[in-house]
1. Just wondering, is there one or more residues in the stretch 151-158 that are closer than 30 Å to His41 by Cβ, in a loop (DSSP other than H, G, I, E, B) and modelled with pLDDT of 85 or more?
2. Conditions first: (1) more than 27 Å from Tyr42 (Cα to Cα); (2) among the polar types (S, T, N, Q); (3) part of a loop (DSSP other than H, G, I, E, B). Gln168 passes all but one, so which condition is the exception?
3. Is at least one residue of the stretch 129-143 among the acidic types (Asp, Glu) and touching a strand residue (DSSP E or B) at 6+ places or on another chain (Cβ under 9 Å)?
4. Do any residues in the stretch 171-196 that are assigned to a helix (DSSP H, G or I) have Cβ atoms under 6 Å from those of residues that are of a type outside the set (Ser, Thr, Tyr) and modelled with pLDDT of 90 or more, where the two are at least six apart or on different chains, and which pairs are they?
5. Could you grab the pairs with beta carbons closer than 6 Å, sequence gap of 6+ or different chains, first residue in the stretch 69-98 and over 21 Å from Ala148 (Cα atoms), second one surrounded by 13 or more Cβ atoms within 10 Å (Cβ to Cβ) and among the hydroxyl-bearing types (Ser, Thr, Tyr)?
6. I'd like to know if the stretch 38-47 contains one or more residues that are within 21 Å of Trp153 (Cβ to Cβ) and within 26 Å of the chain's Cα centre (by Cα).
7. Could you check the stretch 116-148 and list, in sequence order, the residues that are under 19 Å from the mean Cα position of the chain (by Cα) and either farther than 12 Å from Thr87 by Cα or of a type in the set (A, V, I, L, M) (or both)?
8. Within the stretch 78-121, count every residue that is among the charged types (D, E, K, R), surrounded by 12 or more Cβ atoms within 10 Å (Cβ to Cβ) and modelled with pLDDT under 85.
Amino acid sequence: YPLIEKPIPWEHQDGVSRFNTTGGYHTDWIREQKPMCRGYHYNTEFGQSTVDFLNTVSNTAWIVDHNVHEVSQILMDRQNGVGSFRTLREDPRLKQGMPAQIQALPTDHVDRRGWRHEQKLLHEAQKKDNQRAIRSITSVALAREFLARERFWLTWSCDYRGRAYAVQPWLQPHSTDSEKALLKFADGCKVDARAEWWCAQAVGAAYLGSRLNFQQRIQWTYDNK
């Protein structure tokens, strides 16, 4: 789960960072399982700049976007999947039962065996789709629990290369597009020139796709501002 209290800040320690368990969760035992550097055999040593960055993102508060959650719940109720957002569905062909003309055939008849094979494929396809829907269902249900929260936090750590990842597996910005859409920053900030540059490329990518380079996406945004 995301944290309802601000995470404990990381402290810099000399030596291998997979032994640094100073920050993150408030429970000592959980912090011992979630060190600053992920993995059990890497000897990466992170400096103060990494500590400062992890504390900055850990102190960034989040909220659930009520509008996106409402739309997600409507899609869930209607069993309408969109993109990475999957819902439980039931193929109506699985409810129809075996047709009378197929039942009249011998059990080893090629048509009867073919019908059973088609049913098997339908069951397998539905099972696979429903397994994919588990993440969407869980994220919407968890977001519902956090709707009333004015803010919540994620605690962050790095892999051996220094790439930062949220420790919590749910309601975090490295998840699917539909789950990321449920999140908003709890606090806004003034958009400076650098932030506008990033916003421009994001808008351009949303409209044009990611095949074009950064500068082309940015230019499209400004041309159509």
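1. Pass one, the stretch 151-158, residues closer than 30 Å to His41 by Cβ: 153-158.
Checking which are in a loop (DSSP other than H, G, I, E, B) leaves us with 154-155.
Checking the rest, the ones that are also modelled with pLDDT of 85 or more come to 154-155.
Yes, because at least one residue in the stretch 151-158 is closer than 30 Å to His41 by Cβ, in a loop (DSSP other than H, G, I, E, B) and modelled with pLDDT of 85 or more.
2. Of (1) more than 27 Å from Tyr42 (Cα to Cα); (2) among the polar types (S, T, N, Q); (3) part of a loop (DSSP other than H, G, I, E, B), only one is false for Gln168: (1).
3. Of the stretch 129-143, the ones among the acidic types (Asp, Glu) are 129.
Still in the running and touching a strand residue (DSSP E or B) at 6+ places or on another chain (Cβ under 9 Å): none.
No - not one qualifying residue is present in the stretch 129-143.
4. Short answer, once both residue conditions are applied: Lys180/Pro173.
5. Listed by first residue and then by second, the contacts come to Gln79/Thr87; Gly81/Thr87; Ser84/Thr176; Ser84/Ser178; Phe85/Ser136; Phe85/Ser178; Arg86/Ser136.
6. Of all residues in the stretch 38-47, those within 21 Å of Trp153 (Cβ to Cβ) come to 38, 46.
In the following step, the residues that additionally are within 26 Å of the chain's Cα centre (by Cα) were identified as 38.
Among the residues of the stretch 38-47, at least one is within 21 Å of Trp153 (Cβ to Cβ) and within 26 Å of the chain's Cα centre (by Cα), which makes the answer yes.
7. Ala133, Ile134, Ile137, Val140, Ala141, Leu142, Ala143, Arg144, Glu145, Phe146, Leu147
8. 3
The values are calculated or read from the model by the stated rules, or taken from the named source; none is laboratory data. Quick caveat, the model's predicted, so the values are computed rather than measured. Counting neighbours? That spans all protein chains shown, and the Cβs are built from the backbone with ideal geometry, glycine included. Ligands, DNA and RNA are excluded from the accessible area calculation, which covers all protein heavy atoms including side chains. Shrake-Rupley method; radii C 1.70, N 1.55, O 1.52, S 1.80 Å.
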